[in-house]
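The structure appears right after this line, and notes come after that.
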Amino acid sequence: MVKVAAVNVSVDREEQVAEQLDRIESSLSSLNESPELLCAKDLLLRPIQILDEHQPVCIIDLVAQRVASSASFSSSSSLNNSNFNSNSDLFGMFHFVAHVEIVSVLTGIAPQMGLIFKRDLKKFNAIDELKKQAFHVASSSSSSSSANQEDEGLLVGDCSICLQDLSATGIDLIRLPNCSHAFHLKCILSWLKKSDFCPLCRDLCLQKS
Amino acid sequence: MQASRARLFKEYKEVQREKVADPDIQLACDDTNIFKWTALIKGPSETPYEGGVFQLAFAVPEQYPLQPPQVRFLTKIFHPNVHFKTGEICLDILKNAWSPAWTLQSVCRAIIALMAHPEPDSPLNCDSGNLLRSGDIRGFHSMARMYTRLAAMPKKG
Ligand SMILES: [Zn+2]
Ligand SMILES: [Zn+2]
């Protein structure tokens, strides 16, 4: 977990924002030495999607727009408690945590930030959950493996992401919880990094309705 | 990169099979670069593009199909959602509404559908959009028709 100590900023007044941004910027430039922190800086400047809004925004812009209140980001302890695998590259989640924490320390985080974070955390967990439900078509000789017979029966056709056969044996498959559309696990995971929607029906992939 | 190649190769084989099935679309891959494709599409009937054959150029990104292909008209076309100079196309599925379930072939179909159903409210060609929005359907038709004749129809004789 990356922590930036001793930069405790609260954005209380409009006119302070520019000054705060200057401070954030100089703090950021001092982050350049560490590759991990550099990545966090990168994320700070990278546009992310907030909830249901259409336009992606940069965290840094959120700060600039004075959406930040002086409320502090209280979840940092719970962040540490969640089971993040540093080898998990999904959404650069690990770095995202680092980044949220940096922003939170720098700005005295916004409620919105908490929302963004919760949303991504939710997605992260949902994907973990999805991975657990992966199954594969067993080879014909040993049909009594982990694969669910019912699922097998329905697997006709191609994965619409790679256009390869879904019923090839031994490849991990997944059925999306809401719409039941099936894909290769590997294929849908790479798509979910970019989108929340099922490639076939544009239903929300992960949220259980 | 590997995934996009495999997928494009699969599409290539599919296209060979579909050629007969969809006479309105002729997709072809560059001989030396599987990321470059061109398509010839027929202007839909009962539109000012009827009888024209329009060439599209596809530049497929390495992240395909997670990212949409870049498509533009090489043939000049007068259409509200196509940039008159660059041939750039304003179509949601080529931008935020992209899904990897689209193929180059189905993108062609979507473009044909766009030719038949222009969306004058998101114009890349303002002249054309304005004509339609102001209700000057005849004006729009005659302009679109003229460019179809000029640019998209084989010269006779
Ligand atoms: Zn697949
Ligand atoms: Zn679906």
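The table below gives the values:
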{"read-out": "Residue-count net charge about residue B:64 - beta-carbon cut-off 11 Å; Lys, Arg +1, Asp, Glu -1", "value": "0"}
{"read-out": "Label point distance in nm, residue A:122-residue B:30, each placed 7 Å from Cα along Cα→Cβ", "value": "4.3 nm"}
{"read-out": "Which of A:175, B:138, B:149 has the fewest Cβ neighbours within 10 Å, and the rest in rising order", "value": "B:138, B:149, A:175"}
{"read-out": "Pairwise Lys count, chain B - Cα closer than 17 Å, eight or more residues apart or different chains", "value": "8"}
{"read-out": "Projected label distance in nm at residue B:141 and residue A:201, using a 7 Å step from Cα toward the beta-carbon", "value": "4.1 nm"}
{"read-out": "Translational D in µm²/s for chain B (Stokes-Einstein at 25 °C, 0.890 mPa s, Kirkwood Rh from C-alpha pairs)", "value": "152 µm²/s"}
{"read-out": "Ranking of A:173, B:94 by count of other Cβ atoms within 10 Å, fewest first", "value": "B:94, A:173"}
{"read-out": "Average Cα contact separation per residue, chain B, under 8 Å, 6 or more apart, as relative contact order %", "value": "21 percent"}
{"read-out": "Two-site label geometry, residue B:74 and residue B:150: point separation in nm, points 7 Å out along Cα→Cβ", "value": "2.0 nm"}
{"read-out": "Neighbourhood charge, 15 Å Cβ-Cβ cut-off, centred on residue B:142 and excluding it, Lys, Arg +1 and Asp, Glu -1", "value": "0"}
{"read-out": "Value in Å of the Kirkwood radius, where segment B:33-90 supplies the Cα pairs that are averaged", "value": "12.3 Å"}
{"read-out": "Extension gain (nm, one decimal) between residue B:12 and residue B:93, 0.36 nm per residue minus Cα-Cα", "value": "27.1 nm"}
{"read-out": "B:77, B:137 arranged by Cβ crowding within 10 Å, fewest neighbours leading", "value": "B:137, B:77"}
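Just so you know, all these numbers are worked out from the coordinates, no wet-lab data involved. All values reported here derive from a predicted model rather than from experimental measurement. Cβ: placed from backbone, ideal geometry, glycine included. Neighbour counts: every protein chain shown.
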